[in-house]
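Read the structure below first, then the notes.
Rule-based calculations on the coordinates, nothing more; no lab input. If you're wondering where the values come from, they're calculated on a predicted model, not measured in any experiment. Cβ placement follows ideal geometry from the backbone for every residue including glycine, while neighbour counts extend to all protein chains displayed.
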Amino acid sequence: MDYAVGDFSRWRSTESVLPLILRRLLATIPVMGVVALFVFALLRLTPGDPAAIIAGDYATPEDIARIRAALGLDRPLLVQIGIWLGQLVRGDLGTSIFSGLPVITLIKQRLEPTVALTILAMLLAVLTAVPLSVLAAWRQGSWVDRVVMGLAVSGFSMPVFWLGFLLVYLFSVWWGVLPAQGYTPLSAGFVLFIRHLILPINRAGRALGTDVARRGRHFRRSSRAIRPSWPAGYASSSSRPPRCSPPCSGRGTRKGCGRSPGSNRKVR
């Protein structure tokens, strides 16, 4: 049995892929730590006084000194990093200088809209892009393929912010059928919830769906090149010929090999 491209014996099983994914996820932890330390040190080493910026233009030196002491900016850099890491481990992200609320509270307020928008945008992209990509790959070279790939390329190359402005202008300003801003939680009703998310879902889902459609079409085309070419008479997977093991010894027949004892001996 021969394969057109590649060798299926080299494919990794699920047992080997799951540890690989776990190692990659764990490897992101030290990377995020190094990036956080670099950003923290970079913000502290840049010119300017954060305390003076927070205090404003009309602040006195006493006010600036009081803010610097409250934020710990008067301490050495290593001590500041240690304090920041200790607060981060405890889940204390500090207080916002703009709203005066804890940062963790602000994150919780924006977590539900972010999760809802992400899930619905991914569902829209998958439900529309995957069937279109399969259809384009199945009708390769036809007008269907050209239309789908034309839409995918145009959507992929279209600026996302421009598409957002266009959707807001058409559906909110001109026709007035959808709200331009705001968010309503799901507990207030599904209709109000989905009305505020239709425009963001379409903007984010179209940008993601065009990329999924383009990649899915090329994956479908490339998968045709790695299908095994079975001999004539082996049409289904249940009737595939058994894989032969290494050459049999002269003492017996290996199971599934179909070789008789002594068949490997050279005939003189």
Quiz item: Of 209, 158, 136, whose Cα points farthest to the positive end of the dipole of region 105-228 (charges on the beta-carbon: +1 Lys, Arg; -1 Asp, Glu; origin at the Cα centre)?
Solution: 136
Quiz prompt | Two-site FRET efficiency, residue 180 against residue 81, from Cβ-Cβ distance with R₀ of 35 Å, rounded to 0.05 | solution = 0.25
Practice problem: Just rank 112, 62, fewest to most, by other beta-carbon atoms within 10 angstrom. | Solution: 62, 112
Self-check item: Cα gyration tensor, region 43-114 - rounded (a/c under 1.5), prolate or oblate
Solution: oblate
Quiz item: Which shape class applies to region 105-228: rounded if a/c is under 1.5, otherwise prolate when a/b exceeds b/c and oblate if not, where a ≥ b ≥ c are the square roots of the Cα gyration tensor eigenvalues?
Solution: prolate
Quiz item: residue 173 versus residue 44, label points 7 Å from Cα toward the beta carbon: distance in nm?
Solution: 4.6 nm
Quiz item: Amide H neighbours of residue 95 under 5 Å, counting only residues 5+ apart in sequence or on other chains, H built in-plane at 1.01 Å?
Solution: 103
Exercise. Largest first and to the nearest Å, give the Cα extent of region 153-196 along each principal axis.
Key: 38, 22, 13
Self-check item: Order of 22, 71 under a 10 Å beta carbon neighbour criterion, fewest first
Solution: 22, 71
Quiz item: By count of other Cβ within 10 Å, fewest leading, how are 197, 151, 26 ordered?
Solution: 26, 151, 197
Self-check item: Potential extension, residue 53-residue 103 segment - 0.36 nm per residue separation minus Cα distance
Solution: 16.1 nm
Exercise. Per residue of region 139-149, in order, report the coupling 6.51 cos²θ - 1.76 cosθ + 1.60 (Karplus, θ = phi - 60°) as ³J(HN,Hα) in whole Hz, putting x for Gly and Pro.
Key: 9, 4, x, 8, 5, 5, 4, 5, 5, 5, 5
Practice problem: With a point put 7 Å past each Cα toward its Cβ, work out how far residue 31 is from residue 147 in nm, to one decimal. | Solution: 4.1 nm
Quiz item: About its Cα centre, how strong a charge dipole does region 44-121 have in debye, to the nearest 20, once Lys and Arg get +1 and Asp and Glu get -1 at the Cβ?
Solution: 280 debye
Exercise. Please turn the phi angles of region 190-206 into ³J(HN,Hα) values with the Karplus equation 6.51 cos²θ - 1.76 cosθ + 1.60 (θ = phi - 60°), one per residue in order, whole Hz, x for glycine and proline.
Key: 5, 5, 5, 4, 7, 5, 7, 10, 4, 5, x, 5, 5, 5, 6, x, 5
